[in-house]
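Inspection log for the structure reproduced underneath, given as structure tokens.
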Amino acid sequence: MVQKFHRGFTAAEKTELWDRWTRGESLKAIGRAFGKQSSSIYFLVAPHGGIRPAERRRSRLALSLAEREVISRGVTAHQSARPSRGGLAARPRRSHRQNCIPLFLIWPGNLKPSDFSGFGLSRP
């Protein structure tokens with residue numbers, strides 16, 4: 001018995017699928033257009049409730065391609081993966097306590113300029 005390879009949908013096909021769905025085409029018609037069964041279309045549409053999911057984008061906290069390349073080259077050269085002065089641009093490091101203001105300072109009536117001096121913040 002020969003098994004058939006079942007490929008998924010490319011990003012362009014998913015875009016076309018959602019365009020067809022929002023135009024009101026049936027699952028069966030969309031499936032026919034892609035040469036797939038309507039159940040495979042259903043399992044892409046149903047988890048999102050029939051609403052097109054938001055466009056994917058990288059987090060601003062993720063490393064850029066250049067930063068990942070520098071780290072990769074450093075690892076292959078058996079160097080530390082931590083940023084050095086010559087390699088990656090050093091990001092300012094702050095501890096958790098420096099980034100967070102204790103909750104009791106935020107309550108109305110408790111704000112004084114001296115409360116914010118230890119956090120590197122100006123008065124709100």
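A few comments on the model shown:
- All positions within the stretch 1-43 that are among the aliphatic types (A, V, I, L, M) and modelled with pLDDT under 90: MET1, VAL2, ALA11
- Top-ranked residue of the stretch 7-25 - restricted to ones that are of a type in the set (Phe, Trp, Tyr) and part of a helix (DSSP H, G or I), ranked as nearest to the chain's Cα centre (by Cα): TRP18
- GLY8 vs. criteria loosely packed, with under 13 Cβ neighbours inside 10 Å and at positive phi: no
The values are calculated or read from the model by the stated rules, or taken from the named source; none is laboratory data. Keep in mind that this is a model prediction, so the values were computed, not measured. Cβ atoms come from the backbone with ideal geometry, glycine included; neighbour counts cover every protein chain shown.
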